[in-house]
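Input: a single structure, listed below in structure tokens.
All of the numbers you see were taken from the coordinates with simple rules; none came from a lab. Because the structure is a prediction, the values reported are computed rather than measured. Reconstructed Cβ throughout: ideal geometry from the backbone, glycine too, with neighbour counts over all protein chains shown.
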Amino acid sequence: MKSTLSFLAFFCCLLLLNAQRYQISGTVDGMSDGSWLLLSDVTAGQYQRIDSAQVRDGNFSFSGPMALNPVHLAVHTQDFRNRATFWAEDKPIQLRLNIGHFNQIMVTGSATDAMNRQLQAQLENSTDEVQQLTRFITKNPGSVLSAFQLKGLAGQLLQPAQAETYYKLLAPEVQKSYYGQQVADFIRYTGEAKIGDRYIDFQANNLEGVPVRVSDYNGKVLLLDFWGSWCESCLETFPALVKVHQQFHGQGFDILGIVVDYKKPTVEKMVQQYKIPWQNVSSFKGTQEPAALMYNVHAFPTNILIDRHGIIVARDVEIDKLPEKISDLLENSL
């Protein structure tokens, strides 16, 4: 995704430019008449609702503009107890569902989905997932699925140099796809940020739109807190972090929140709800947040502690151990 666009802006721009449409019909067993099925776009890793349909005599249908082709979608009930993902294309597609067994979804009419299900079957019988996926990428450089799978490997099982090797194999149009651009961002931005290294400086806007840099905090003990509004474990740390901030802020300690999210209003709501007094910055690119990639952060919450001299001294400090660690740094790093 282009560095200046959030996924939602990317999504909306493509809708305006792209006349392609999804046409989905299907049957569902065990669902009463009048019940609702929802259709969501899961391209960005979150459920973005795009359509809904009422079940009539076990039948349903969806139709609408496509932001991407192919596009990764999910069909689900309102309570999400029944849900299944699939790949749609700009041609008629049929789904067969059974309430309580959405994981056994049957899809016809989508070559991309068929290819993906064949790959998943191969992975179930494979003893080396990375080898199986990289072989798939090598054999299918013209498929968006290759960029999708490479994105999943990047940061988890492949380092930037390894990911770049496979990225270069992708067809130009696949490199320019949504997933291809995410891999490109991973290669471009990802750093190591190991303990003992100097901090990596970056600039991002806070929630008021003001640019903030890590170097603005030079001379302070600084905690980088990587979080998202969707991450319950992240939210659970805030009461304790607020107390830590209150205890040490006047002594030369501060916190800078790096928000890994898509929706600014939701983030603002969380900041108000938890009465967070420190600055929070974000590009609202979700897990492709450049600052998170620079610090090689792929799990949340993650925190990184930087001393007065700008050296990374700890990662993932347990919240109840933060006061002692901060106190030591304030006393001994003058």
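The residues neighbouring A121, those whose beta-carbon lies less than 15 Å from its own, together hold a net charge of -1 under the Lys/Arg +1, Asp/Glu -1 convention.
Among the trypsin sites (Lys or Arg not before Pro) found in the range 231-334, those both in a DSSP coil and sparsely packed, with 12 or fewer other Cβ atoms within 10 Å of their Cβ, are K275.
Per residue, the convex hull spanned by the alpha carbons of the range 130-237 comes to 157 Å³.
Couplings 3J(HN,Hα) of the range 282-293, computed from phi: 6, 9, 6, 10, x, 5, 9, 4, x, 5, 5, 5 Hz, in residue order, whole Hz [Karplus 6.51 cos²θ - 1.76 cosθ + 1.60, θ = phi - 60°; x for Gly and Pro]. For V281, the residues whose amide H sits under 5 Å from its own are G257, I258, V259, ignoring neighbours fewer than 5 places away on the same chain, with H placed 1.01 Å from N. Any idea how far the Cα center of the range 48-79 sits from the one of the range 283-314, in Å? Cα centres, the range 48-79 to the range 283-314: 36 Å.
Amide H contacts of T302: F226, each under 5 Å away and 5 or more positions distant or on a separate chain (H built 1.01 Å from N in the peptide plane; Pro and chain starts excluded). A simple rule links phi to the HN-Hα coupling: the Karplus curve 6.51 cos²θ - 1.76 cosθ + 1.60 with θ = phi - 60°, which for the range 161-171 gives 5, 5, 4, 5, 4, 7, 4, 5, 6, 5, 4 Hz, with x for Gly and Pro. Neighbour counts of other Cβ atoms within 10 Å put S52, S32 in the fewest-to-most order S32, S52.
As an equivalent ellipsoid, the chain spans semi-axes of 41, 23, 18 angstrom, where each value is the square root of five times an eigenvalue of the C-alpha gyration tensor, largest first. Largest first, the extents of the alpha carbon coordinates of the range 126-189 on the three principal axes equal 31, 24, 16 Å. Shape summary: the range 61-197 maps onto an equivalent ellipsoid whose semi-axes, from the alpha-carbon gyration tensor, are 30, 17, 16 Å in decreasing order.
Amide H contacts of N82: T77, each under 5 Å away and 5 or more positions distant or on a separate chain (H built 1.01 Å from N in the peptide plane; Pro and chain starts excluded). Taking θ as phi - 60° and the Karplus parameters 6.51, -1.76 and 1.60, the scalar couplings of the range 40-53 work out to 10, 8, 10, 3, 8, x, 10, 7, 10, 5, 10, 6, 8, 8 Hz in sequence order, x denoting glycine and proline. In the range 18-113, the C-alpha radius of gyration followed by the widest Cα-Cα span (Dmax) gives 12.2, 36 angstrom. Overall, the range 126-189 carries a charge dipole of about 120 debye about its Cα centre when +1 sits on the Cβ of Lys and Arg and -1 on the Cβ of Asp and Glu, all other atoms neutral.
Going from the residue with the fewest nearby Cβ atoms within 10 Å to the one with the most, D225, D197, D254 rank D197, D254, D225.
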